[in-house]
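The values are calculated or read from the model by the stated rules, or taken from the named source; none is laboratory data. Keep in mind that this is a model prediction, so the values were computed, not measured. Methodologically, a virtual Cβ is constructed for each residue, glycine included, from the backbone with ideal geometry; neighbour enumeration extends over all protein chains shown. To get the accessible areas, we keep the full protein, side chains included, count just its heavy atoms, and leave off ligands, DNA and RNA. Shrake-Rupley method; radii C 1.70, N 1.55, O 1.52, S 1.80 Å.
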Amino acid sequence: VMEIPVGPVHAGIIEPAHFRFSAIGEVILLLEARLFYTHRGLEKAAEGRVYNVNVEAGRSALQMLVRQCPAGQRCPLWVSYHAATEFTVDSWVRVLGVVQGEQQFRSESDEVKVVPKVEATFLLPAKP
């Protein structure tokens, strides 16, 4: 089975989309369509509280809740950083980077979650 990612595609009037085909030869077995695919290549700054940190092979992955979230909502964000970081759980962090699509992960309650993913250029301390 071969997976063929296509997009994001900007098709005139409709919103951008991303398509992933799974095929064997010329037979398409599965088509995954992500419509309204606008989380790509946008420079962003966000502040939030870290709730999970993983540092492996000199790279960091942080999961955080964004401070600028509408009242009563939780706004998780996945952050990838090119170096090891000393931020820990419950640290407040300012992230400057580029939105690179979405990241899937399995929560503690075994749910698959999909959140925006940012490739961070800088990670800075923030005030709580």
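Quick look at the numbers
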{"quantity": "Residues of the range 111-128 classified as farther than 13 Å from residue 83 by Cβ and touching a strand residue (DSSP E or B) at 6+ places or on another chain (Cβ under 9 Å), total", "calculated": "12"}
{"quantity": "Residue within the range 46-66 that is in a loop (DSSP other than H, G, I, E, B), surrounded by 11 or more Cβ atoms within 10 Å (Cβ to Cβ) and either at pLDDT 95 or above or in contact with a Cys (Cβ under 7 Å, 6 or more places away or on another chain) (or both) present", "calculated": "no"}
{"quantity": "Near pairs, Cβ below 6 angstrom, 6+ apart or cross-chain, from the range 76-99 (over 15 Å from residue 48 (Cα atoms)) to any residue that is surrounded by fewer than 14 Cβ atoms within 10 Å (Cβ to Cβ)", "calculated": "84/58; 98/43; 99/42"}
{"quantity": "Among residues of the range 67-81, those that are in a loop (DSSP other than H, G, I, E, B) and within 15 Å of residue 124 (Cβ to Cβ), counted", "calculated": "1"}
{"quantity": "Filtered residues of the range 76-97 (kept if modelled with pLDDT under 90 and either over 14 Å from the mean Cα position of the chain (by Cα) or open to solvent by 40 Å² or more (accessible area, probe 1.4 Å) (or both))", "calculated": "96"}
